[in-house]
Structures are given as C-alpha cells and as structure tokens.
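Quick notes on the structure that follows.
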C-alpha cells in the first residue's frame, strides 16, 4: 500500500520512514514521482501541512502525508517559526544565523520548542486528518552531534538536557521528537486505513 510523503527534505523523509517503518506501507517521495515540493505560503504550521497534503494527493492519486515543522525560540518572539527552513540558504547558515541572534542571550533565556503539524489527505480531497507534536528545550551554545539535520545539533530537549537531538540515537530521537509525537498521534488513522485497504 503506497503513501506519498510530501517533502523535498531528505532528512525528514528518513525520519518518517523510521517512525512508520513497522507499518505495512510503501512510503514514496515527491522525487520518486517526479513532483515538485509545494509552497508553504501560510502563517501557521497546520495550514502549510494541510495545503501540501491536499495539493499533492490528487496529482499523485495517492493518500498523502505532509508536515510543516519549525523551531520557535522564545527570545526571538517565536522565530524563526514557520520560516525555519527559509531562515538562511543552508542548514549550516541557519544554525550560524540563529547563534548570532542569540549571542548575548544567557543560557537561562535560550528556551525554545520544536513544533510539527502533520496532515493526511485522501486522493479525492474529501478526507483530511491532522495531528501535532511538540518538544520543549533550549538552544545550545554550539552545534553538537551528527545524527540529525537542520537545527537538531543546537536543540537540547528537556528530556535529555545534556545531549542535543543530533547526539541521540535515531530511535530515542524519534520517540521524543516533535515529528515522532505528531506521527504517533496519527498512527491509529494510518493503521486503520491500511487495514481497511483505503490506502491502495
């Protein structure tokens, strides 16, 4: 049973495949189908996720899973937020820019959270499920770890305050990450649809 994961982010695709790997689903990417990554023009994560899912599902004639996620830093009034992927041109550039903005912010005020909204759309456009996940923590002084992508090397979850997300093993990271939590909330829907054959 095929499910389209509507992302052009290779690291995100790997995570989704790891989190949902125990389900009897064949996860295909936009690149696999020769589709472009949709725009994310809205001001909220939920709107962007739903827009991507509902735009891609009819084109692919497949149930489509999309997410929009980002890092929200309290000292930056919630930024970069929905603009996390557009904060700078490269992952390294985004991390460097974030650290520059927080240069004079003490550790106690470097609180932040990762947020993820996921949406699952049917090919006919008549059904749409949503879920969300969040993990709280703070921003480290410098990047650490090689197991993540994006801002992961800078984010210290409250559950593992001495290790960044990028220093965690994939299974541990997926268990507590914002994306892992959002997909776990959506899991019962995916299980039911796969069992009933609706994802064929």
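The values are calculated or read from the model by the stated rules, or taken from the named source; none is laboratory data. Quick caveat: nothing in here was measured; it's all calculated off a predicted structure. Please note: Cβ atoms are built from the backbone with ideal geometry, for glycine as well, and neighbour counts cover all protein chains shown.
Residue count for the range 123-157 under the criterion of being in contact with a helix residue (DSSP H, G or I) (Cβ under 8 Å, 6 or more places away or on another chain) and assigned to a loop (DSSP other than H, G, I, E, B): the result is 15. Summed over the range 149-163, residues that are closer than 15 Å to residue 111 by Cβ and within 17 Å of the chain's Cα centre (by Cα) total 5. Once the range 37-54 is narrowed to residues that are assigned to a helix (DSSP H, G or I) and in contact with a strand residue (DSSP E or B) (Cβ under 7 Å, 6 or more places away or on another chain), the residue that is surrounded by the most Cβ atoms within 10 Å (Cβ to Cβ) is 49.
Applying a threshold of 6 Å to beta carbon distances and a minimum spacing of six or more residues, or different chains, the list of pairs starting in the range 173-200 at a residue that is on the phi < 0 side of the Ramachandran plot and surrounded by fewer than 17 Cβ atoms within 10 Å (Cβ to Cβ) and ending at one that is part of a loop (DSSP other than H, G, I, E, B) and at pLDDT below 95 reads 200/1.
The rows are residues; the columns are (1) within 28 Å of residue 27 (Cβ to Cβ); (2) modelled with pLDDT under 95; (3) surrounded by fewer than 19 Cβ atoms within 10 Å (Cβ to Cβ).
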| position | (1), (2), (3) |
| --- | --- |
| 79 | no, no, yes |
| 94 | yes, no, no |
| 107 | no, yes, yes |
| 125 | yes, yes, yes |
| 139 | no, no, no |
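Does the range 112-135 include one or more residues that are over 30 Å from residue 55 (Cβ atoms) and over 16 Å from the mean Cα position of the chain (by Cα)? No, the range 112-135 contains no residue that is over 30 Å from residue 55 (Cβ atoms) and over 16 Å from the mean Cα position of the chain (by Cα). When each of 71, 13 is tested for being closer than 28 Å to residue 172 by Cα, surrounded by 14 or more Cβ atoms within 10 Å (Cβ to Cβ), touching a helix residue (DSSP H, G or I) at 6+ places or on another chain (Cβ under 8 Å) and in contact (Cβ under 8 Å) with a residue 12 or more places away in the chain, the lone residue that passes is 71. Of all residues in the range 17-36, one or more are buried (at least 18 other Cβ atoms within 10 Å of the Cβ), part of a strand (DSSP E or B) and either modelled with pLDDT under 95 or under 16 Å from the mean Cα position of the chain (by Cα) (or both). Kindly indicate whether residue 57 is in contact (Cβ under 8 Å) with a residue 40 or more places away in the chain, under 14 Å from the mean Cα position of the chain (by Cα), buried (at least 18 other Cβ atoms within 10 Å of the Cβ) and farther than 22 Å from residue 136 by Cα. Considered against the rule, which asks whether it is in contact (Cβ under 8 Å) with a residue 40 or more places away in the chain, under 14 Å from the mean Cα position of the chain (by Cα), buried (at least 18 other Cβ atoms within 10 Å of the Cβ) and farther than 22 Å from residue 136 by Cα, residue 57 comes out as no. For first residues located in the range 23-36 and on the phi > 0 side of the Ramachandran plot, partners that are modelled with pLDDT of 95 or more and surrounded by 17 or more Cβ atoms within 10 Å (Cβ to Cβ) and lie 6+ apart or on another chain with Cβ distances below 8 Å do not occur. The residue of the range 158-170 that is farthest from residue 49 (Cα to Cα), among those that are assigned to a helix (DSSP H, G or I) and free of Cβ contacts under 8 Å to residues at least 60 places away in the same chain, is 167. When you look at residue 100, is it more than 21 Å from residue 149 (Cβ to Cβ) and modelled with pLDDT of 95 or more, yes or no? The answer is no for residue 100.
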